[in-house]
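Structure first, then comments.
The values are calculated or read from the model by the stated rules, or taken from the named source; none is laboratory data. Being a predicted model, the structure only gives us computed values, none of them experimental. So basically every Cβ, Gly included, is an ideal-geometry build from the backbone, and we count neighbours across all protein chains shown.
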Amino acid sequence: MIEASCDLTDFREVADEARRFLAMPRSRLQSQTLGAQRQPAAARGSPDAARRLFAMSQPIAGTLAERYIAGRGILLSTRERALRFHPACYYRDLVTGETRTLPALIAAVSGLDGRITGLQRTWLDPAGNGKAHLVDPRRSLGHLLGNGIWLGLQPGTPVPVMAAGEGFETMASLRTVMPALPVAAATSANHLAGLIFPPGCTRLYIAADADAAGRHGIERLSRRAGEAGILALVLQPRLGDFNDDLRHLGPAPLAAWLSDQLVPEDARLFRPSG
């Protein structure tokens with residue numbers, strides 16, 4: 001995992017970094033890594049590397065990750081399995097090559113079968129003040145195209161109505177006010193355009209993004225949906241994005257705003273009573 005997160009290729013460099021992080025003498029580390037070498041290492045940036053990092057993480061309850069998403073107004077069911085927390089996730093500066101560890105929200109990217117194919121790391125400020133102060137506090141790895149950060153997906157179950165968009169926080173905001181609606185965050189405009197539709201899907205709501213790349217992704221996904229016989233409808237936020245709406249306008253106004261954009265049948269089904 002150090003090799004994957006630090007972009008190292010030489011085992012000696014990986015061992016040196018592990019020794020530094022664990023404050024272990026060389027002889028002790030060597031005795032422990034002999035057994036580890038019997039297992040094949042995960043290729044850097046591969047789905048295996050993503051699955052191993054996810055397995056090394058912990059549930060978000062009581063962590064900085066839970067505090068972070070709650071600070072964004074996001075409330076998710078404890079049954080959501082896509083989110084984890086890593087207290088010391090490696091971050092590598094792509095300009096200087098320097099590495100350090102920071103707490104991170106880990107979001108699993110998976111296929112329709114529920115198998116993890118990648119993940120997205122959001123590094124957090126250790127003091128609890130939102131994202132870490134980095135040029136790029138959010139990065140993804142693994143196989144992302146066609147897959148997404150799914151919330152509310154039951155693998156193998158038909159999904160007649162769903163919503164999709166680029167960012168996790170955007171889609172988690174929709175899920176907060178409509179907890180029965182399955183949603184997928186594709187992590188980028190290009191990946192949104194290539195999202196694989198679940199079986200039985202007949203209506204797809206696409207969360208709008210204001211930038212040009214976002215509009216391009218929406219157009220391509222809408223076209224693909226139409227070719228598959230799926231009705232695609234675009235949801236527009238009132239402010240910059242749906243997380244802005246959730247934080248600044250509140251859950252009830254956001255739910256009402258979204259209800260006006262849904263097919264009446266879906267508005268009755270997914271908007272919570274009261």
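What about ILE69, is it part of a loop (DSSP other than H, G, I, E, B), within 30 Å of PRO160 (Cβ to Cβ) and among the hydrophobic types (A, V, I, L, M, F, W, C)? Criteria not met by ILE69. Of all the criteria given as (1) modelled with pLDDT of 95 or more; (2) surrounded by 15 or more Cβ atoms within 10 Å (Cβ to Cβ), the one not satisfied by HIS248 is (2). Looking at ARG115, ARG92, ARG67 in this structure, which one is in contact with a strand residue (DSSP E or B) (Cβ under 8 Å, 6 or more places away or on another chain) and either crowded, with 20+ Cβ neighbours inside 10 Å or not hydroxyl-bearing (Ser, Thr, Tyr) (or both)? After applying the criteria, what remains is ARG92.
Restricted to region 219-245, and to residues there that are within 17 Å of ASP209 (Cα to Cα), assigned to a helix (DSSP H, G or I) and acidic (Asp, Glu), the residue that is modelled with the lowest pLDDT is GLU219.
The single condition from (1) under 21 Å from LEU112 (Cβ atoms); (2) part of a helix (DSSP H, G or I) that LEU204 fails is (2). Among the residues of region 215-239, none is identified as farther than 22 Å from LEU181 by Cα and surrounded by 18 or more Cβ atoms within 10 Å (Cβ to Cβ). Determine, yes or no, whether ALA172 is within 23 Å of ALA252 (Cβ to Cβ), modelled with pLDDT of 95 or more and of a type in the set (A, V, I, L, M). Yes; evaluated as a whole, the condition is true for this residue. Taken together, LEU195, LEU174 contain a single residue that is in contact with a Gly (Cβ under 9 Å, 6 or more places away or on another chain), closer than 28 Å to ASP260 by Cα and assigned to a loop (DSSP other than H, G, I, E, B), which is LEU195. In the set (1) closer than 16 Å to ARG72 by Cβ; (2) free of Cβ contacts under 8 Å to residues at least 12 places away in the same chain, ALA132 fails one condition alone, (2). Applying the criterion of being out of contact with any helix residue (DSSP H, G or I) (no Cβ under 8 Å at 6 or more places or on another chain) and β-branched (Val, Ile, Thr) to the residues of region 88-145, the residue that is farthest from ALA185 (Cα to Cα) is THR96.
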